[in-house]
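Bear in mind that the values in this text are calculations on the coordinates, not laboratory data. All figures in this text were calculated on a predicted structure; none of them were measured in a lab. Cβ coordinates were reconstructed from backbone atoms using ideal geometry, including for glycine residues, and neighbour counts include every protein chain displayed.
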Amino acid sequence: MRVKYNTDTQLFFQIGDPLDQGCAAYLHNAMYEFANLNAVCMPAVVKKGELGKFIEAAKTLDAKGFDITMPHKTDILDYLDECDPASEAFRCVNHVNIVNGRLVGKGLDGEGMALSIKNELADTLRGRNVLMIGAGAVSGPIAASLCEYGIGSVTVVNRTVEKAQYIADTLARLYGVDCSYGPLENDFLCAVAPEITLAVQCTSLGSGHGRDFDSLEFVSRFPQGCVAADVLYPMTTFLGAAKKRGMPTIDGRGMLFQQQLAMMEFHFGVKLPDEALLEAEEAVEIAIAMRSVRNRRMEKNKRYGSHD
Ligand SMILES: NC(=O)c1ccc[n+]([C@@H]2O[C@H](COP(=O)([O-])OP(=O)(O)OC[C@H]3O[C@@H](n4cnc5c(N)ncnc54)[C@H](OP(=O)(O)O)[C@@H]3O)[C@@H](O)[C@H]2O)c1
């Protein structure tokens, strides 16, 4: 890589704690490089409760913005001067621009998934009856972005039903879309499934590394042409069941990559072509390889007591 950083370099940070297993800074830097921007994104560990100190430091350094991961995605809302209504309602922001000392925030998780689904579907999202499975941090923002593409209705199901109700009520208020909610239970899911034309799995269930659905019988009740999407990747039990039934499936990789295009537009007003996503894929491979080298070195150091 050519050395290009100087006093004109636009400085961005990726903040969170922990950060050592993340790959966002690799992805962002690959996108800056692709767009030929004089910009750099530096990962910085910022502990819970230290957001205020970080923001002062970022302003002092004339940083242009930052990308936020756990545990700050909700706490950042207390520091923002401006935020879009959906991110504010769902208390989830993962990108901030610093403009003349003012903090402008936006959540892009939802846009990433909505773009990924839109790109994969040959036809439009307009009028689809959407089932959101799960009501955690990413579910509301994804449903909100899908509403912006003109879906017809949303049903939200969750183990904790009050959270599903909050998302349904908020979407109805913000977008005037037809919304309902219910429990994440097979009987309820089987009852609503025949009307669904897009199902988006947003829980942490079924990745093969933890808890799974009690039953996936409801997948067999989806109608012909229904599409199944999942925030997890590469394969989940939900996507496996949908595939077995012959449904088109979309895993969570696209959500991660498409978010990079939304990120470039938010921070720089630059619209990148889809070819940029090949760079994003390469950046993730590099991040994973470097992470595994680092993990091996740390393991060795722990075993032999070296600290280099
Ligand atoms: N592809 C991407 O780019 C991308 C980006 C962000 C996140 N993700 C993934 O998306 C997933 C969800 O993220 P999040 O931030 O929304 O997490 P979150 O806020 O912790 O929400 C977790 C969701 O899973 C449900 N859940 C967890 N354990 C359950 C169980 N045993 N039985 C039933 N439901 C259960 C929760 O239900 P309750 O509300 O009842 O607890 C909630 O709906 C994570 O696995 C994350 O890795 C992917």
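Every listed requirement among (1) touching an Asp or Glu at 6+ places or on another chain (Cβ under 7 Å); (2) crowded, with 23+ Cβ neighbours inside 10 Å; (3) farther than 20 Å from I68 by Cβ is met by V130 save one, (1).
Listed here are the residues, each with its yes/no results for (1) surrounded by fewer than 14 Cβ atoms within 10 Å (Cβ to Cβ); (2) closer than 27 Å to G150 by Cα; (3) in contact with an Asp or Glu (Cβ under 7 Å, 6 or more places away or on another chain).
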{"residue": "G208", "(1), (2), (3)": "yes, no, no"}
{"residue": "R221", "(1), (2), (3)": "no, yes, no"}
{"residue": "D230", "(1), (2), (3)": "no, yes, yes"}
{"residue": "L239", "(1), (2), (3)": "no, yes, yes"}
{"residue": "R245", "(1), (2), (3)": "no, yes, no"}
{"residue": "V270", "(1), (2), (3)": "no, yes, no"}
{"residue": "A276", "(1), (2), (3)": "no, yes, no"}
{"residue": "A283", "(1), (2), (3)": "no, no, no"}
{"residue": "R296", "(1), (2), (3)": "yes, no, no"}
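Scoring L174 on the criteria (1) within 14 Å of the ligand (Cβ to nearest atom); (2) under 25 Å from N97 (Cα atoms); (3) of a type in the set (A, V, I, L, M) leaves a single failure, condition (1).
Return yes or no: is H28 buried (at least 18 other Cβ atoms within 10 Å of the Cβ) and within 23 Å of A283 (Cα to Cα)? When the stated conditions are applied, H28 passes them. Can you say whether A287 is part of a helix (DSSP H, G or I) and under 19 Å from T203 (Cα atoms), as far as the supplied structure shows? Here the answer is no, as A287 does not meet what is asked.
The residues listed here are A143, A114; of these, the one that is out of contact with any strand residue (DSSP E or B) (no Cβ under 7 Å at 6 or more places or on another chain) and of a type in the set (A, V, I, L, M) is A114. Scanning segment 146-171 for residues that are under 25 Å from A242 (Cα atoms), away from the ligand (no atom under 12 Å from the Cβ) and assigned to a helix (DSSP H, G or I) gives L146, C147, A168.
Evaluation of G176 against the conditions (1) surrounded by 17 or more Cβ atoms within 10 Å (Cβ to Cβ); (2) more than 17 Å from C226 (Cβ to Cβ); (3) among the small types (G, A, S) shows that the sole unmet condition is (1). Within this structure, A135 fails the test of being assigned to a strand (DSSP E or B) and in contact (Cβ under 8 Å) with a residue 40 or more places away in the chain. Of everything in segment 31-63 that is under 24 Å from the mean Cα position of the chain (by Cα) and of a type in the set (V, I, T), the residue that is farthest from L278 (Cα to Cα) is I55. A single entry from P273, P234, P223 fulfils the requirement of being closer than 22 Å to A143 by Cα and more than 11 Å from the ligand (Cβ to nearest atom): P223. Restricting T60, T69, T74 to residues that are touching a strand residue (DSSP E or B) at 6+ places or on another chain (Cβ under 7 Å), surrounded by fewer than 23 Cβ atoms within 10 Å (Cβ to Cβ) and over 21 Å from V177 (Cβ atoms) narrows the list to T69. Screening G246 with (1) over 20 Å from K118 (Cβ atoms); (2) within 11 Å of the ligand (Cβ to nearest atom) gives one miss only, at (2).
Here A143 does not fit the description of being more than 14 Å from the ligand (Cβ to nearest atom) and either touching a Phe, Trp or Tyr at 6+ places or on another chain (Cβ under 6 Å) or more than 22 Å from Q224 (Cβ to Cβ) (or both). Here is the figure for segment 126-139: residues that are near the ligand (Cβ under 9 Å from one of its atoms) and not polar (S, T, N, Q) total 6. Taking the conditions (1) under 16 Å from A86 (Cβ atoms); (2) in contact with a Ser or Thr (Cβ under 8 Å, 6 or more places away or on another chain); (3) of a type in the set (D, E) in turn, E148 satisfies each one other than (2). Figure legend. Inter-residue proximity from segment 222-236: first residues touching a residue at least 40 places away in the same chain (Cβ under 8 Å), second residues of a type in the set (A, V, I, L, M) and part of a strand (DSSP E or B), beta-carbon distance below 6 Å, spacing 6+ or different chains. Indicated pairs: V227/L198; A229/V200; A229/I250.
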